[in-house]
1. Under a plain spin-label model, where a point goes 7 Å from the Cα along Cα-to-Cβ, how far apart in nm are Asn141 and Thr189?
2. Determine the relative contact order of region 68-135: mean sequence separation of Cα pairs under 8 Å and six or more apart, normalised by residue count, in whole percent.
3. Considering the options Ser66, Leu111, Gly92, tell which one lies farthest towards the positive end of the dipole of region 65-114, charges being +1 on Lys and Arg and -1 on Asp and Glu at the Cβ, about the Cα centre.
4. Please report the spacing between the Cα centers of region 240-266 and region 110-154 in Å, no decimals.
5. Cα convex hull of region 95-139: mean projected area in nm², to one decimal?
6. Taking amide H positions as placed 1.01 Å from N in the peptide plane, with prolines and chain starts having none, which residues 5 or more places from Cys131, or on another chain, fall under 5 Å of its amide H?
7. Rank-order 219-230, 62-73 by packing density, defined as the average count of other C-beta atoms within 10 Å over each peptide's residues, highest first.
8. Can you work out the FRET efficiency for the pair Gln203 and Leu172, with r the C-beta to C-beta distance and R0 = 25 Å, to the nearest 0.05?
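We did not get these values from a lab; they are worked out from the coordinates using the rules stated. Treat the numbers as computed from the prediction; the structure is a model and nothing was measured. All Cβ positions, even for glycine, are placed from backbone atoms using ideal geometry, and neighbour counts span all protein chains on display.
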Amino acid sequence: PPAFCTVILSLFSAAILNPVALLRRFFFSTIILFFKMVSGMAASIRSSLESSTFDLAGHDATSIQSITHDAFSTPSPPLDQMIRITFVVGAGKLSRQKYDAKAMQILTAALRELDYVEDRGAGCSFDCAGCFKTQHDTGKNLFTVVVFPKVSGSGNASNNASGDANEEEEPLLPTNSPGYKIAVCSISTFQSLLSSQCPTYAQKRKCMECIEGLMDLLQSTENKLMGGLPLDSAEQSLYDEIGELKEKLAYTQKEAAKHVDEGLLTVQEKEMLVEMNQKRIATLMKEKSSAAVAEKLKKALARK
């Protein structure tokens, strides 16, 4: 159309006659668009009435700091129930380049500057307002930071409402149970707990069984999500809190093996281990590559 051609010709003429002005206009337009994007995400976070996820792909350090400050520098408007704001800050090999290499550190540092506290056991409760935690979603291979925002007016009424809701909701694992503590604690805390609470081989074996059960529970939850089924509040809460199970299992297996290698087994533990491994030893002895392992295990079990 004639009008369209006129616009194109005018832009082409401007580029020839004054390219600096055109570049300046493009530059400032890009800057304006960038700040609109930042303020738009922060506004979406502050207006969230339910748990939401925000992807930080394509955002640099300045952008992440601005979003964090704009979204969390002041308490969110009153909420009927606590929400979680999840930021995707990294991914596996195929998508790693989309994210700033230090996105997680930048975001958590900005949160700490706003007096937010890291709490690996934080959940959707007003008691956890002002907390955050980092997670690795092994199913999707995503790295996330989960924030529980500070909420204005979360006084007695809100806390009572939250308390009533929590009383009605039966958690998948009692929060005072060993299984829950194993599930949600950090790997460093777990290592200390294993040393102090499970000093014997038999106790470490029980701990391994507990972790394997937690891994089955996590897998069933992930299967439910993969099938497009929603999680109930108890499932979602535990799914958000659970973490580093593979690392905890590997560490427990290594520590339990020390009891065998160093002959630190009680008579009852030796009997239990012999019963568990009789068939395994026979199988290993038939395999030349595993015969040495079987001999080592037999010698360890024979120690007094």
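1. That separation, rounded to one decimal, is 2.9 nm.
2. Details: 51 pairs, mean separation 22.7, N = 68.
In percent, rounded to a whole number, it is 33.
3. Going by the charge dipole, the pick is Gly92.
4. 29 Å
5. 4.1 nm²
6. Val117, Phe148
7. Details: 219-230: 11.6, 62-73: 19.4.
My ranking of the peptides, most packed first, is 62-73, 219-230.
8. On the way: r = 24 Å, r/R0 = 0.94.
Between Gln203 and Leu172 the formula returns 0.60.
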